[in-house]
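S.K.: Take a look at this one; I'll ask things after.
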Amino acid sequence: PSRRLARAADNFGKGRDVSNFKPEGATEVRQAAQAFMAMRERIQRQITQRTDMLSGVSHDLRTPLTRMKLQLAMFKNVDGVDDLSADVSEMEHMLEGYLAFARGEGTEKPAPTDLGMLLEDVVGQVRRRGRPIDLHLEDRLSLPLRPNAFKRCVTNLVENAARYGQHVSVRAGHRGDAIEITVDDDGPGIPEDKRAEVFRPFFRLDDSRNPETGGVGLGLTIARDVVRSHGGEILLSESPTGGLRGRIRLPL
C-alpha cells in the first residue's frame, strides 16, 4: 500500500490521472493516502477556479473591445484613431494570450501520446510559414501527455526560436529516465541574467509594444507552466549555434 501511495503521488506530480487510487493498508498508510487525496482535490479545485476566472474575464472583455473596434472604424480620417486602433488590436492580442494561458491549465486529460508525431506536426506548421527547421528524433518517443496543451508549449518554444533565428534545430530523445527536447536557434540569444525573468508573465526583452516582434510576454510562461504540470522542467542556456537553447525534460 505504501508503494502504491508513492506511485500515485509521483504520477500526480507528473500530471497523470490517479482517480483510481484508493486508500488501503495499515491505519497510518490509509491516513496518509486520505491526506494525499484531499490535497489532490484542493489543488485541482484551485486550478479549475483560476482557469475559469481567467477565461471568463477574457471572454467578458472581448465584447467591449469589439464595440470599440466598430466605433473606431467609423472615424477613419480622425487624428489619433490609428493609434487607438493599434491599442485595441494589442489588447485583443493580449486577451488571446490570456485565453491560451487558461487553456494550458484546463481540464484536458493525459493520454498516451506519440511525441515524435506531435513534434513533426509542430515543425511542419512552422515550416509552412517559410522557416527552415531541422528535426531529429533519436528514438520512438511515447508517454502520457495532455497533447493539446503540450503541443501549445512546444509551438511557443519553436515559434520563439524561429522569430529571432535564421535557422532552428529541434531534437528529441531519451536521456536516462527522462525524455529531453532541445530547441536551438542562431539568433541573438538571451543574456544570462535575463533567462529566469523571461518566464515571468508579461516580461518582454523587446521594449517596443509591437506584438509582431515581442508578443505579449506569455509564450514562455505558458510553456513552463505546461511542462511543470507534466512533472518536468524547462531551462534556457546558450546554444552551440550561438543563439538560445530551450531544453524540456520530461520524466518517464
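S.K.: Can you pull out every residue in segment 125-135 that is more than 13 Å from Asp185 (Cβ to Cβ), touching a strand residue (DSSP E or B) at 6+ places or on another chain (Cβ under 9 Å) and not aliphatic (A, V, I, L, M)?
M.R.: Correct list: Arg127 only.
S.K.: Scan segment 148-177 for residues that are outside any helix (DSSP H, G or I) and surrounded by 20 or more Cβ atoms within 10 Å (Cβ to Cβ) and jot them down.
M.R.: Once the filter is applied, which keeps residues that are outside any helix (DSSP H, G or I) and surrounded by 20 or more Cβ atoms within 10 Å (Cβ to Cβ), segment 148-177 yields Gly165, Val168, Ser169, Val170, Ala172.
S.K.: What pairs come out if I take residues in segment 60-88 that are farther than 25 Å from Leu99 by Cβ and assigned by TED's automatic domain parsing to the domain that holds Leu99 and pair them with residues that are part of a helix (DSSP H, G or I) and of a type in the set (A, V, I, L, M) whose C-beta lies under 8 Å away, six or more apart or interchain?
M.R.: Pairs found: Phe75/Val81; Val81/Leu72.
S.K.: Which of the residues spanning segment 22-44 are over 22 Å from Arg228 (Cα atoms) and either in the same structural domain as Leu143 (by TED's automatic domain parsing) or of a type outside the set (A, V, I, L, M) (or both)?
M.R.: Listed by number, the residues that qualify are Lys22, Pro23, Glu24, Gly25, Thr27, Glu28, Arg30, Gln31, Gln34.
S.K.: Kindly list the number of the only condition in (1) farther than 16 Å from His230 by Cβ; (2) surrounded by fewer than 20 Cβ atoms within 10 Å (Cβ to Cβ) that fails for Gly189.
M.R.: Unmet for Gly189, out of (1) farther than 16 Å from His230 by Cβ; (2) surrounded by fewer than 20 Cβ atoms within 10 Å (Cβ to Cβ): (2).
S.K.: May I pose another question? Select from segment 1-43 the residues that are surrounded by 12 or more Cβ atoms within 10 Å (Cβ to Cβ), in contact (Cβ under 8 Å) with a residue 24 or more places away in the chain and of a type in the set (A, V, I, L, M, F, W, C) and list them in ascending order.
M.R.: Listed by number, the residues that qualify are Leu5, Ala8, Ala9, Phe12, Val29, Ala32, Ala33, Phe36.
S.K.: Would you mind telling me which numbered condition in (1) buried (at least 20 other Cβ atoms within 10 Å of the Cβ); (2) touching a helix residue (DSSP H, G or I) at 6+ places or on another chain (Cβ under 6 Å) Leu137 fails?
M.R.: (1)
S.K.: Moving on. Would you pick out the residues in segment 11-37 that are among the basic types (Lys, Arg), closer than 26 Å to Leu145 by Cα and out of contact with any strand residue (DSSP E or B) (no Cβ under 8 Å at 6 or more places or on another chain)?
M.R.: Of all residues in segment 11-37, those among the basic types (Lys, Arg) come to 14, 16, 22, 30.
With the extra rule that they be closer than 26 Å to Leu145 by Cα, the set shrinks to 14, 16, 22.
Across segment 11-37, the qualifying residue is only Lys22.
S.K.: Is it the case that Ile222 is surrounded by 16 or more Cβ atoms within 10 Å (Cβ to Cβ), of a type in the set (A, V, I, L, M, F, W, C), modelled with pLDDT of 90 or more and under 13 Å from the mean Cα position of the chain (by Cα)?
M.R.: no
The values are calculated or read from the model by the stated rules, or taken from the named source; none is laboratory data. Here the structure is a predicted model, which means the values were calculated and not measured. Here the Cβ is made from the backbone with ideal geometry for all residues, glycine too, and neighbour counts use every protein chain on show.
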